[in-house]
Structure formats: C-alpha cells, structure tokens
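Asks: Pasting a structure here, questions to come.
Read-outs throughout are calculated quantities, based only on the coordinates presented, and are distinct from any laboratory measurement. Predicted model only: the values in this text are computed from it and were never measured.
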Amino acid sequence: MKLFRCLAAGLVLASALAQAPKTPPRRKQIQEVRATGCVHIAQNGCVLLKTLDGQTTYTFRAAPKPDAGDVITIDGSAHQGASDCKQGVAIDVADWEPTGDTCVE
C-alpha cells in the first residue's frame, strides 16, 4: 500500500510538472544604441542604418532625414511598442550626425 501511495504521488507530481507553462527564453533587450553605418531609405519612409561591420540593421524615423548613401552616427534607445518600419531593429534616435563619408557598396 505504501508503494502504491508513493507511485501515485510521483505520477501526480510528474503530471503537474508536465502541464506547467514553460516560459520562453528572454531575448536580449537593447537599452541604448550608438552606431555608425550606411543609410538606406525604405519605400515607407523609414531610415535603415546598416552598421559598418554589416552585423546589424537599425530602423528609425528622423526629421530631417539623412540622405541615402551617407555614413552617419546615431544615438538612440530601444523603441517601445509596435513599429511600422518592418525591417531591422526598431530604435528611437535622439540624435544623428553625418561623418562626412559616403557608403561604399
């Protein structure tokens, strides 16, 4: 009888663990961004900045907009909420400035 109780308790515990919701792994969150890269303008008016190392593409809106083909440096932070810019990592740019260089593609 004691063995039966232990087995029953084990089955109840295993069942509870199997049904427990699994939390998805946390994605690394961007807090602040400072990057230099090449400017592209998307059809929807979003500015795309592909970093010089080619590893990351950021997307943002800016007024005034930088010119396509310019190399600029941006300072910004993570964009909160949905973005209508569907490419790259959405950020809110606080400031941008041209480096004086143009993109070489």
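Asks: Taking only C-alpha pairs under 8 Å that are 6+ residues apart, what is the relative contact order of segment 32-102 in percent? Walk me through the numbers before you get to the answer.
Replies: Details: 160 pairs, mean separation 24.2, N = 71.
Worked out over segment 32-102, it gives 34 percent.
Asks: Could you calculate the contour length gain from residue 87 to residue 65, that is, 0.36 nm times the residue separation minus the distance between their Cα atoms, to one decimal place in nm?
Replies: Full extension of this stretch gives 6.2 nm more.
Asks: Quick one: Karplus J couplings for segment 89-97, per residue in order, coefficients 6.51, -1.76, 1.60, θ = phi - 60°, nearest Hz, x for Gly and Pro?
Replies: With the stated coefficients, segment 89-97 comes to 8, 6, 9, 9, 8, 7, 7, 9, 8 Hz.
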